[in-house]
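Participant: Have a look at this one before I ask anything.
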Amino acid sequence: MLFSFDNFSFFIIIIFFSFCSHCSHGQQTYSTSQTSCFGNEESIQGYLCNGPLETCDSYITFRSHHPYDSAISIAYLLGAEASQIAFVNNITLTTSKIPEDTLIMVPISCSCTGPSGDYYQHNTLYRMNESDTYFTIANYTYQGLTACRALSSQNNYNVTNLTIGTQVLVPLTCACPRSNQIAAGVRFLLTYMVAWGDNLTKIAETFETDAQSLAEANRLSMDSILVPFNPLLVPLKNQTCSAKPESFFCRCTNGFNGTASQMCSRTDHSTGFPVKLAVLIGISPSLSLCYNAFPDLQFLYYGLKFSPQNEEL
């Protein structure tokens, strides 16, 4: 489990690792200076679209913390489906509070949508709060799933022109399997943010894969030093589903399109209606009158209630 830390300690640690750019070699020379806002390395944009798939289903990981401590609020932040998050993580309701610092698997769609279509990304939107900067958004709010320099290069806002309410594009790091990985039985690539004390063997055991495949996916040696707050691609294999069909990524055999019940044969009261879409089309807050009577409306109502500026959750 990721250690607990206050904001000051977090930023001291991030600043330290911003200057550690040669501690390991990521896949496609993906930079370990992910946390830094300085430099001009193209690799901080994400993983190159060098595989046969321009779009694929993928996963990213996120550690729950207030106010992002329910499937609905995490879905809102990451541009994902709350019902799918709840299903793959065995969460009863999309509105259920998740214990602090729980590692959550988030199903997403990953596409070649980076600058000039050269990089894999999952894009979402974020509205600036007081004291937000590209640095804090990338490294604190999104826990390293995006990079400070990727934010600044893909938005038309200078760091000095960021104001409360400004809506920025957030490109989240993801990737699709390459041809050799598909041939080896890789079904998905999961973006995992390295934590203190992690090593390849420990991460491989967590996600029920083998350490050698994990090393190869990231162009690492078995004794490579992993840098906290930097992404690592975890290959999730079909072979695991044969041996352990209960594994989280083995449930959604029909992909991530549609509701959890459509893709995973789930029978619950969740809906796959996108949270941010509910907000954008202006569904009336009067839905709250039906909140308890009709569980299917909980997702829509909660999407209206939640915003990055509102910490009622």
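The values are calculated or read from the model by the stated rules, or taken from the named source; none is laboratory data. The model shown is predicted, which means the values in this text are computed figures rather than measured ones. A quick note on method: Cβ atoms are made from the backbone with ideal geometry, for glycine too, and the neighbour counts reach across all protein chains shown. We work out accessible area using only protein heavy atoms, side chains counted, and drop any ligands, DNA or RNA first. Shrake-Rupley method; radii C 1.70, N 1.55, O 1.52, S 1.80 Å.
Participant: Taking the condition touching an Asp or Glu at 6+ places or on another chain (Cβ under 7 Å) and either touching a residue at least 60 places away in the same chain (Cβ under 8 Å) or open to solvent by 70 Å² or more (accessible area, probe 1.4 Å) (or both), does ILE182 pass?
Facilitator: Values: touching an Asp or Glu at 6+ places or on another chain (Cβ under 7 Å): no; either touching a residue at least 60 places away in the same chain (Cβ under 8 Å) or open to solvent by 70 Å² or more (accessible area, probe 1.4 Å) (or both): yes.
Taking the combined requirement at face value, the residue does not satisfy it.
Participant: Scan (1) touching a Ser or Thr at 6+ places or on another chain (Cβ under 7 Å); (2) crowded, with 16+ Cβ neighbours inside 10 Å for the single condition ILE225 breaks and write down its number.
Facilitator: (2)
Participant: Next question, about the same structure. What residue, of SER96, SER131, is without any contact (Cβ under 8 Å) to a residue 40 or more places away in the chain and on the phi > 0 side of the Ramachandran plot? First the steps, then the outcome.
Facilitator: Details: SER96 fails: on the phi > 0 side of the Ramachandran plot.
Selected residue: SER131, the only one of SER96, SER131 that is without any contact (Cβ under 8 Å) to a residue 40 or more places away in the chain and on the phi > 0 side of the Ramachandran plot.
Participant: With respect to ASP118, determine if the residue is among the acidic types (Asp, Glu), touching a Ser or Thr at 6+ places or on another chain (Cβ under 9 Å) and either buried (at least 17 other Cβ atoms within 10 Å of the Cβ) or under 30 Å from SER213 (Cα atoms) (or both).
Facilitator: no
Participant: Something else about it: Would you please list the contacts, defined by Cβ atoms under 8 Å and residues six or more apart or on different chains, that run from a residue in region 65-79 that is under 17 Å from GLY144 (Cα atoms) to a residue that is assigned to a loop (DSSP other than H, G, I, E, B) and among the small types (Gly, Ala, Ser)?
Facilitator: So the pair list comes out as ILE74/SER64; ILE74/ALA80.
Participant: Go through region 206-222 and give me each residue that's open to solvent by 60 Å² or more (accessible area, probe 1.4 Å) and within 19 Å of ASP101 (Cβ to Cβ).
Facilitator: Hit for region 206-222 is THR206, nothing else.
Participant: Given LYS244, LYS237, which one is open to solvent by 30 Å² or more (accessible area, probe 1.4 Å), basic (Lys, Arg), free of Cβ contacts under 8 Å to residues at least 40 places away in the same chain and under 23 Å from VAL106 (Cβ atoms)?
Facilitator: Details: LYS237 fails: free of Cβ contacts under 8 Å to residues at least 40 places away in the same chain.
On inspection, the qualifying residue turns out to be LYS244.
Participant: When you go through SER64, SER36 one by one, which is the residue that is polar (S, T, N, Q), at pLDDT 95 or above and either within 21 Å of TYR140 (Cβ to Cβ) or surrounded by fewer than 16 Cβ atoms within 10 Å (Cβ to Cβ) (or both)?
Facilitator: Details: SER36 fails: at pLDDT 95 or above.
None of the other options fit; the residue is SER64.
Participant: Residues in region 193-222 that are under 15 Å from ASN180 (Cβ atoms) and of a type in the set (A, V, I, L, M, F, W, C): how many? If you could, list the steps in order and put the result at the bottom.
Facilitator: Within region 193-222, the first condition is being under 15 Å from ASN180 (Cβ atoms), and the residues that meet it are 212-219.
Checking the rest, the ones that are also of a type in the set (A, V, I, L, M, F, W, C) come to 214-215, 217.
Total satisfying the criteria: 3.
Participant: Considering only strands (runs of 3 or more DSSP E) fully contained in region 37-142, which possess at least 1 residues that are of a type in the set (Ser, Thr, Tyr) and within 23 Å of PHE229 (Cβ to Cβ)?
Facilitator: On the way: elements: 55-63, 103-112, 120-127.
Where strands (runs of 3 or more DSSP E) fall fully within region 37-142 and carry at least 1 residues being of a type in the set (Ser, Thr, Tyr) and within 23 Å of PHE229 (Cβ to Cβ), they are 55-63, 120-127.
Participant: Could you say whether any residue in region 137-153 is within 16 Å of ILE60 (Cβ to Cβ), in contact with a Pro (Cβ under 9 Å, 6 or more places away or on another chain) and open to solvent by 40 Å² or more (accessible area, probe 1.4 Å)?
Facilitator: no
Participant: Tell me the helices (runs of 4 or more DSSP H) entirely within region 184-273 that contain at least 2 residues that are modelled with pLDDT of 90 or more, small (Gly, Ala, Ser) and farther than 15 Å from VAL88 by Cα.
Facilitator: Passing ranges, in order: 211-217.
Participant: Restricting to region 156-179, count the residues that are of a type in the set (S, T, N, Q), buried (at least 17 other Cβ atoms within 10 Å of the Cβ) and assigned to a loop (DSSP other than H, G, I, E, B). It would help to see each step written out before you state the result.
Facilitator: Step one: filter region 156-179 for residues of a type in the set (S, T, N, Q), giving 156, 158, 160-161, 163, 166-167, 173, 179.
When the remaining residues are screened for being buried (at least 17 other Cβ atoms within 10 Å of the Cβ), the result is 173.
Checking which are assigned to a loop (DSSP other than H, G, I, E, B) leaves us with none.
Going through region 156-179 one residue at a time, the tally reaches 0.
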